[in-house]
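A.B. asks: A single structure is presented below for examination.
The values are calculated or read from the model by the stated rules, or taken from the named source; none is laboratory data. In this text the structure is predicted, and so the values were computed from the model without any measurement. Reconstructed Cβ throughout: ideal geometry from the backbone, glycine too, with neighbour counts over all protein chains shown.
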Amino acid sequence: MKNSATVEKKVDRIVQTIEQIPTLPIISEHIQTLLKDDDVSVKQLEEIIEKDPPLAAKLLKLVNSSFYGLLNKISSIEHALVILGFKEVRNVVLGFSIQRHFTPSTGAFDPKRFWKHSIICSQVAKYLGKHFNAMDDGTFFLSGLIHDIGKLVIEQYFQDEFGEIIDYIEKNNATFSQAEKEILGVTHYQIGAKLLQQWHFPKKVTMQIFYHHAPWHDKNYSTGSIIVYLSNILTKMTGYACLESEQKMGPEDILNTSVHDFIIKNGFELEKESFEALLTGIHEFIAAEQNNVLKLFD
Ligand SMILES: [Fe+2]
Ligand SMILES: [Fe+2]
């Protein structure tokens, strides 16, 4: 797409369309409360979840995953709130509401594959947070889960272009971002961040999503952006890309690159051996959760 006037027109149309996307309709009143009001009480959050049995079931599945390593099964929302904490539960509720809102419909995209990539990425992000001792205020799960939400916006609101993007990826062995720039003039991370900003999502989450392909540009929340960046890459390396035909990735795509240097400079212990050990750990973690959390959206 060479003509800059045409690109500008397309981008304008995209921005206008995004501005017209309504807020999350499902339990939207509650979601709005969760997003706008910092004074929401634990009791209120508990009530919101209890009124929504499928949401409650997902939350309990999550808290009972091997990740938390609990000896006894948690069966009440009240207890889950104690274990996960208010912020984490709030972010889980937001993430699951987004998942319900966007269900890919065209044949070009396999929704199960998309959400498997997303749920694995959310778990890997949490895993990395723990592994690297990074302060996690519940944003890693949410950012990991919805990092590619912009792709669903394109899929749902720009179906023709979405088909062209998939074709472009397959014919040119390109990445999503390369194809999106070529066909739309904007990328899924720009679109996703714009939508979340419009929905008043926590700024940290919006920024982590905006920078999930280029954390080196993020001057404020780079630890979180690096975590989401790495979890996306590691998820792909374990064989769970969004699209089957997407470029395969391996450790060689990151080791000894300038990105690798940047990550290490930011305090992440990620030399070759540590990276390989981390990847093995993630493979084992995914295998352990295969029939549990990873099936949440099947
Ligand atoms: Fe992405
Ligand atoms: Fe992704």
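A.B. asks: Looking at 212, 188, 200 in this structure, which one is modelled with pLDDT under 90 and either closer than 16 Å to residue 95 by Cβ or within 14 Å of ligand 2 (Cβ to nearest atom) (or both)?
C.D. replies: The unique qualifying residue is 200.
A.B. asks: Now, a different point. Tell me which residues, restricted to the stretch 51-81, are more than 22 Å from the chain's Cα centre (by Cα) and of a type in the set (D, E, K, R).
C.D. replies: 51, 52, 73, 78
A.B. asks: Can you tell me which of (1) of a type outside the set (Ser, Thr, Tyr); (2) crowded, with 24+ Cβ neighbours inside 10 Å; (3) assigned to a helix (DSSP H, G or I) is the one residue 167 doesn't meet?
C.D. replies: Looking at each condition in turn, residue 167 falls short on (2).
A.B. asks: Evaluate the stretch 137-154: report whether one residue or more is within 14 Å of ligand 1 (Cβ to nearest atom), part of a helix (DSSP H, G or I), of a type in the set (Gly, Ala, Ser) and over 21 Å from residue 223 (Cα atoms).
C.D. replies: Yes, the stretch 137-154 contains a residue that is within 14 Å of ligand 1 (Cβ to nearest atom), part of a helix (DSSP H, G or I), of a type in the set (Gly, Ala, Ser) and over 21 Å from residue 223 (Cα atoms).
A.B. asks: Restricting the search to the stretch 218-247, which residues are out of contact with any Pro (no Cβ under 7 Å at 6 or more places or on another chain), touching a residue at least 12 places away in the same chain (Cβ under 8 Å) and either more than 16 Å from ligand 1 (Cβ to nearest atom) or assigned to a loop (DSSP other than H, G, I, E, B) (or both)?
C.D. replies: Residues satisfying the conditions are 220, 221, 223, 238, 240, 241, 242, 243, 244, 245, 246, 247.
Here is a yes/no grid of residues against (1) among the aromatic types (Phe, Trp, Tyr); (2) at pLDDT below 85:
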{"residue": "59", "(1), (2)": "no, no"}
{"residue": "65", "(1), (2)": "no, no"}
{"residue": "77", "(1), (2)": "no, no"}
{"residue": "81", "(1), (2)": "no, no"}
{"residue": "89", "(1), (2)": "no, no"}
{"residue": "102", "(1), (2)": "yes, yes"}
{"residue": "123", "(1), (2)": "no, no"}
{"residue": "138", "(1), (2)": "no, yes"}
{"residue": "141", "(1), (2)": "yes, no"}
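A.B. asks: Within the stretch 86-101, does at least one residue satisfy the condition of being of a type in the set (Asp, Glu), more than 19 Å from residue 213 (Cα to Cα) and either without any contact (Cβ under 8 Å) to a residue 60 or more places away in the chain or out of contact with any strand residue (DSSP E or B) (no Cβ under 6 Å at 6 or more places or on another chain) (or both)?
C.D. replies: Looking through the stretch 86-101, at least one residue is of a type in the set (Asp, Glu), more than 19 Å from residue 213 (Cα to Cα) and either without any contact (Cβ under 8 Å) to a residue 60 or more places away in the chain or out of contact with any strand residue (DSSP E or B) (no Cβ under 6 Å at 6 or more places or on another chain) (or both).
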